[in-house]
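This report refers to the structure that appears directly beneath it.
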Amino acid sequence: MSRAAGNLRDKLDGNELDLSLSDLSEVPVRDLAAIPKATVVDLSCNKLTTLPGEFCALTHIVRLDLSKNQLIQLPSEFGRLVNLQHLDLLQNRITALPVTFAQLKSLKWLDLKDNPLNPNLAKVAGDCLDEKQCKECAQRVLLYIKDIQAEQEQEMQRKLVEEQALKQKREAQQRQKEEREREQRRKQKAQQKARKRRDYDALQAAQQEMKMMKKKETEPLDSHKIPSKPVHKRKPKRSSRLGVVMRIILFVIFMLLGSIVVCRYTRLQSQNVCFTINAMYEETMRTLTNYHILESVLQFGSRS
């Protein structure tokens, strides 16, 4: 046991521990916890501004006097003091009580005078000028805090429902967004597939066209190599060549006849060119005449 605890034990009178007027700015929680016999604790007339959270573990306390300190608020876990029956908070700076205060089901006496309580709490607390009023104060304050606790629980429940609804809405929106993204990806894949299909078909068509062109280019060579009907293929070539030769001969004959006519019956007959043509014409006519005379002689000889 610590020295301070030993000193506190010296101040213990039965189950009462008097620490008032001790100039305390902090509560010796550990030392108090070491003396569970001290169910009545007097911490009045000190310089306490706060109570540590560990103070709420002193559940053995039944009567607590915190009057005439500088407490601004009580710990949020103050409701853990389930055995507390008497609480004196006279002349502090408390404006409100924690919601867990409603858990002090054993509380029978309460004094909140001379605190800057909020108007609603002050109205509920009333005066504590005698035993009866202090007991009524405890009852009314407990009911008031319970109502606040119920309202807070309802508010929390409402917020929980709203948060749940909002969460479901966000999840639904997220699912819709994901569905839209999946649909967009499906469309993109379908477009890519269609584009690849078009490119593939175009490539196949180009390859087919190239094959056809190569086939057409190789067909004449194949016909020369393996002529299936050589007779029918050569006749058209001979007839076409003969026609060309005949046209050339006819063209030459017409040119000659035209030259002869021009040179014999026009003023150009005195030209050197026409002289040569006329000479050739006369020589030809003499040859033909001799040919006809010879033919006549031969015919006459054959008759005789």
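The values are calculated or read from the model by the stated rules, or taken from the named source; none is laboratory data. As the structure is a prediction and not an experimental result, all values here were calculated from the model. All Cβ positions, even for glycine, are placed from backbone atoms using ideal geometry, and neighbour counts span all protein chains on display. Please note that ligands, DNA and RNA were not included when accessible areas were found on the heavy atoms of the full protein model with its side chains. Shrake-Rupley method; radii C 1.70, N 1.55, O 1.52, S 1.80 Å.
Structure above, values below:
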quantity	calculated
Long-range HN-HN contacts of residue 17 with modeled amide H, under 5 Å	40, 41, 42
Vicinal HN-Hα couplings computed from phi for segment 255-262 (Karplus, 6.51 cos²θ - 1.76 cosθ + 1.60; Hz; Gly/Pro x)	5, 5, 4, x, 5, 4, 4, 5
Dipole magnitude of segment 15-153, debye to nearest 20 (Cβ charges: Lys/Arg +1, Asp/Glu -1, about Cα centre)	220 debye
Of every Cα-Cα pair in segment 104-218, the percent that sits beyond 18 Å	75 percent
Where a label projected 7 Å from the Cα of residue 72 along Cα→Cβ would reach, residues of segment 100-136 with amide N under 17 Å	115-118
Ranked by how many other beta carbons lie within 10 Å on average, peptides 86-96, 25-35 from highest	86-96, 25-35
FRET efficiency estimate (nearest 0.05) - Cβ-Cβ, residue 166 to residue 83, R0 51 angstrom	0.75
Set of aspartates and glutamates with alpha-carbon distance to residue 167 below 15 Å, sequence-local pairs under 8 removed	none
Whole-percent carbon and sulfur share, accessible surface of segment 1-90, 1.4 Å	46 percent
Flagged links, alpha-carbon separation over 23 Å, of 68/108; 11/108; 47/108; 108/146; 37/135	11/108; 47/108; 37/135
For segment 41-175: accessible area per residue (Å², 1.4 Å)	56 Å²
Diffusion constant of segment 3-160 at 20 °C, which comes from Stokes-Einstein with the Kirkwood Cα-pair radius and 1.002 mPa s, µm²/s	133 µm²/s
Estimated inter-spin distance, residue 192 and residue 242, nm [label 7 Å along Cα→Cβ]	7.2 nm
Ordering of 120-133, 245-258, 51-64 by burial proxy (mean other Cβ atoms within 10 Å per residue, highest first)	51-64, 120-133, 245-258
Residue (of 90, 138, 52) at the positive-pole extreme of segment 4-163, dipole from beta-carbon charges	138
Estimated inter-spin distance, residue 285 and residue 37, nm [label 7 Å along Cα→Cβ]	18.1 nm
Segment 26-114, relative contact order [Cα under 8 Å, separation at least 6], %	25 percent
Using a Förster distance of 45 Å, the FRET efficiency for residue 175-residue 108 (Cβ separation, nearest 0.05)	0.20
Efficiency of FRET from Cβ geometry, residue 151 and residue 15, R₀ 45 Å, rounded to 0.05	0.75
